[in-house]
Structures are given as C-alpha cells and as structure tokens.
Amino acid sequence: MTESSVPVIETGAGVVHIVLDETAPLDWARDIVVNAKVQRPSVCNAVETVLVHRAAAPRLVGPVVTALQESGVTVHGDADVAALASDVVPADEADWAQEHLSLDLSMRVVDDLDAALAHIRRYSTHHTESIITMDDANAERFLAEVDSAVVMANASTRFTDGGEFGFGAEVGISTQKLHARGPMGLAELTSTKWLARGAGQVRG
C-alpha cells in the first residue's frame, strides 16, 4: 500500500464491534457475542470489542462475561464492566484499537447509542459491526450511520464471509471503498471487456 504506484485493494484489519443496545435480549446478546468471539477467534470477522448500553449493563454484563469466560475468553473491561463481573482484566486505551486474534475481548459500558457510534467512529477499521437490539429505529440508525464494509443488526459478525454471502471462494475482505468493499469473490477481482459484433448498425 505504501510503495505501490497503482491502486491496491487492501484486505484490512478487523477491529470488529458488537453493540448491546438497551433492549438487547439476554439470550441473543450472550449467544451472538460468544459465537462472534469463540467460533474462530483468529479471523478478521471475530468480534474484538463489545459496547454495552449503560441502561442494559446491570442486566447483560454479568451473564455475557460469564458465558465468555466459560468458553475460555479473557475479558478486558473498563471500570464499569469490572464492577459488574468478576475476573475482568483492566482495559487500557490500547485495548480499544486492538485486533486480538485470540480468546481475548475488550468490553466497555457506554452511555447511549450516540456514545457507541462515537467509539466505533474512533476505533473501527471499517470491517464489520453489529448491534443487538429490539428497537427498530436504533437498528436502522446503526445500519445507516456506521461506515463499515458490513453492518449488521441482530446477527453474529462471523457471517461476514464470501462463502456465507454466496460468492463462492473468498479471496479477501476489503475495508476500503475503491472498487470492491466487503467480502470479495472472483467477480470483484475481474475486470470487464465488452465485445460487440455488428452488421452496419448506427445509433439514432
């Protein structure tokens, strides 16, 4: 990317976020976060940071952290998370920008959806972000405002994959906007040449 004299499609890093909104159902929050982190932690669509709405934190943080820990995940949390769950490693500024690629996850309590969106704007690598919510307006706002290649509502970030999207074999996931963005298959790496065979036609 630094030395190239022609455009390059970059398959970028995945500092992937899941937001647990105020209305997030506990079973969805727990199951989606565990799947997004544990199923295959070393890949770019695994979740790295979970942001929990303050109003939902007393209800969600403890059970979600426990489920993660039971699956071998080390949770790096802010002071609010540490107050609601045990055996949490104190998070520092570096954690929010970290693509762990391991059974480590960063968790932070945020005041509201605005604060979650601000955090994502600051730390996201524009790969994949998801919100867990029963509030349709918040889901639609999240889908519209988050500037990432793939933005989801109520689904695991592990679905960001060429095979899952029906593209066949995946050659990478682009986090930029030049030409291809998101999972890339053969079509995204193929240029087009149009052939026309006429018999005297003219355009009127």
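Things worth noting here:
- Entry for mean projected area of the Cα convex hull in nm² (calculated from the structure that is shown) out of (i) 15.8; (ii) 11.9; (iii) 17.0: (i)
- Segment 126-204 and segment 86-106 have Cα centres lying 29 Å from one another.
- Spin-label zone in segment 53-67 - amide nitrogen under 18 Å from a point set 7 Å from the Cα of Ala115 along the C-beta vector: 53-62
- Each 10 Å bin from zero holds the following percent of Cα-Cα pairs in segment 27-91: 22, 58, 20, 0.
- You can think of it this way: the chain between Gln201 and Gln69 has 40.5 nm of extra reach, that is 0.36 nm per residue less the Cα-Cα gap.
We did not get these values from a lab; they are worked out from the coordinates using the rules stated. Quick caveat: nothing in here was measured; it's all calculated off a predicted structure. Please note: Cβ atoms are built from the backbone with ideal geometry, for glycine as well, and neighbour counts cover all protein chains shown.
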